[in-house]
Amino acid sequence: MKRKIRMGMVGGGPGSFIGGVHRAAARLDGQIELVCGAFSQDPAKSKAMAAELFLPKARCYDNYAQMFARERALPAGERMDFVTIATPNVTHFPIAMQALDCGFHVVCDKPITFSLAEARKLRDKVRKTRLLFCLTHNYSAYPMIRQAKALIAKGKLGKVRKIVAEYDLGWLAAANAGKQAVWRVDPKRSGVSACVGDIGTHAEHLIEFVTGLKITEVCADLSTFVIGRSLDDDGTVMLRFNNGARGFIAVSEVASGEENQFKIRIYGSEGSLEWHQMNPENLIYRSNTQAMRIYRRSWAEQEPGIAALTRLPAGHPEGFIEAFANIYTNFAKAVDARLERKAFKPDYPTVDEGVREMAFVETVVKNSRGSRKWSKLPA
């Protein structure tokens, strides 16, 4: 890499949690620098954010259309290389489409779009432009998740029979849950689902990523517990997979007292694996023929490719930001390879996973509202 990869950002202004996460992750390994942004729909707030980040006034824009036009007009040695989209779901599609039209690579927060129809159109655009598109499902970049994926691929569990993913949060238990909750439970900005669209997509993506299997059918029961909401804040989804396996996803954003309780269990004919996001350094292996084993991240460094996802010696925990950074660093390498006209195989979630997640969300919602027991996921 001859220089840092230049990043622009849309969204992530004052008060944004995820904007700060993206910026911290992008700069962690020193390969990316933030050079410009349109951080808010309010130009004054955008300028305030830019000043806080020590960006030149000339590189802070009133809106994303202005940013793309002016960045595109800059010399190749100055303009941004890619844009990160850290806005509510409803705006992902138009921002990404315009960025691609202007020749910029895209990093997008999940879920990918407002609807499956938009996701498919965006996939077509990515394929047509041949530009890079990254979807930030950061849980897939934890070292011990990669370890689990490697063990399953090697047949350590035998044939996978059952997969269980649970994700519990308490942040939406109250009717007035703060700024972030306002758009999350608004169907005009969030789409057809709140809870499943927000954290259910994490579970869906992680299951398919780790096991290599595809969800083929769902049977869903979604609930809205807080009076006045029109979108789900809790749900359970039974799953069928393309190898005959069964499973379920249980998600809740009204689980009072829970912080970020995301865990996955995978059961095979020869053994099982269990991983907890709140204790990410450990991967638990069990079988009927030997004592339980806990794989630690330090052991995982022996696996090819996994060592590159870690930065600290054993005993110094790595977590959420570092997993996000693994996504960004791999994306930076992909952009650099394009600049150098070299071959590179990306190792981050793409637009194809985005289409899968939107197919999952819309099928789950339709099934929950309808009378059919099982619904097939569209291709």
Per the list (1) part of a loop (DSSP other than H, G, I, E, B); (2) in contact with a Ser or Thr (Cβ under 8 Å, 6 or more places away or on another chain); (3) surrounded by 14 or more Cβ atoms within 10 Å (Cβ to Cβ), residue check on Pro346 breaks on (2)
Turns out the helices (runs of 4 or more DSSP H) fully within region 148-235 with at least 3 residues that are surrounded by 17 or more Cβ atoms within 10 Å (Cβ to Cβ) and in contact with a strand residue (DSSP E or B) (Cβ under 7 Å, 6 or more places away or on another chain) are 201-211
Of the listed residues (Phe248, Phe241), the one being surrounded by fewer than 20 Cβ atoms within 10 Å (Cβ to Cβ), of a type in the set (Phe, Trp, Tyr), farther than 29 Å from Val107 by Cβ and at pLDDT 95 or above is Phe248
Scanning region 1-55 residue by residue, those among the polar types (S, T, N, Q) and within 21 Å of the chain's Cα centre (by Cα) turn out to be Ser16, Gln31
Reported set for region 338-368 where residues are basic (Lys, Arg) and touching a residue at least 60 places away in the same chain (Cβ under 8 Å) is Arg338, Arg356
If you go through Val10, Val83, the only one that is at pLDDT 95 or above, closer than 19 Å to Trp183 by Cα and either touching a strand residue (DSSP E or B) at 6+ places or on another chain (Cβ under 9 Å) or not polar (S, T, N, Q) (or both) is Val10
If you go through Ala117, Ala96, Ala86, the only one that is of a type in the set (Gly, Ala, Ser), assigned by TED's automatic domain parsing to the domain that holds Gly19, surrounded by 24 or more Cβ atoms within 10 Å (Cβ to Cβ) and without any contact (Cβ under 8 Å) to a residue 60 or more places away in the chain is Ala96
Taking the criterion of being out of contact with any Leu (no Cβ under 8 Å at 6 or more places or on another chain), surrounded by fewer than 19 Cβ atoms within 10 Å (Cβ to Cβ) and either free of Cβ contacts under 8 Å to residues at least 12 places away in the same chain or not assigned by TED's automatic domain parsing to the domain that holds Gly257 (or both), would at least one residue in region 133-145 satisfy it? no
Review point. Is it true that some residue in region 50-61 is among the hydrophobic types (A, V, I, L, M, F, W, C) and touching a residue at least 40 places away in the same chain (Cβ under 8 Å)?
Key: no
- Task: Could you check, for region 326-337, whether at least one of its residues is aliphatic (A, V, I, L, M), assigned by TED's automatic domain parsing to the domain that holds Arg123 and free of Cβ contacts under 8 Å to residues at least 12 places away in the same chain?
- Result: yes
Within region 272-315, residues polar (S, T, N, Q) and either in a loop (DSSP other than H, G, I, E, B) or exposed (fewer than 12 other Cβ atoms within 10 Å of the Cβ) (or both) come out as Gln277, Asn279, Ser287, Asn288, Thr289, Gln290, Gln302, Thr310
Within region 120-132, the residues that are assigned to a helix (DSSP H, G or I) and buried (at least 22 other Cβ atoms within 10 Å of the Cβ) are Leu122
The number of residues in region 175-204 that are on the phi > 0 side of the Ramachandran plot and touching a Gly at 6+ places or on another chain (Cβ under 8 Å) is 1
Going through region 174-206 in order, the residues found to be at pLDDT 95 or above and more than 12 Å from Ser230 (Cβ to Cβ) are Cys195, Val196, Gly197, Asp198, Ile199, Gly200, Thr201, His202, Ala203, Glu204, His205, Leu206
Considering region 120-179, residues that are under 19 Å from the mean Cα position of the chain (by Cα) and basic (Lys, Arg), and then whichever is nearest to Ser272 (Cα to Cα), we arrive at Lys149
Within region 105-113, can one find any residue that is surrounded by 17 or more Cβ atoms within 10 Å (Cβ to Cβ) and without any contact (Cβ under 8 Å) to a residue 24 or more places away in the chain? no
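Okay, residues lined up against (1) among the aromatic types (Phe, Trp, Tyr); (2) more than 21 Å from the chain's Cα centre (by Cα):
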site	(1), (2)
Gly257	no, yes
Gln261	no, no
Gly268	no, yes
Leu273	no, yes
Arg286	no, yes
Gly315	no, yes
Phe320	yes, no
Ala323	no, no
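Just wondering, is there one or more residues in region 353-372 that are under 30 Å from Met1 (Cβ atoms) and within 14 Å of the chain's Cα centre (by Cα)?
yes
The values are calculated or read from the model by the stated rules, or taken from the named source; none is laboratory data. On a predicted model such as this, the values are computed, not experimentally measured, just so you know. A quick note on method: Cβ atoms are made from the backbone with ideal geometry, for glycine too, and the neighbour counts reach across all protein chains shown.
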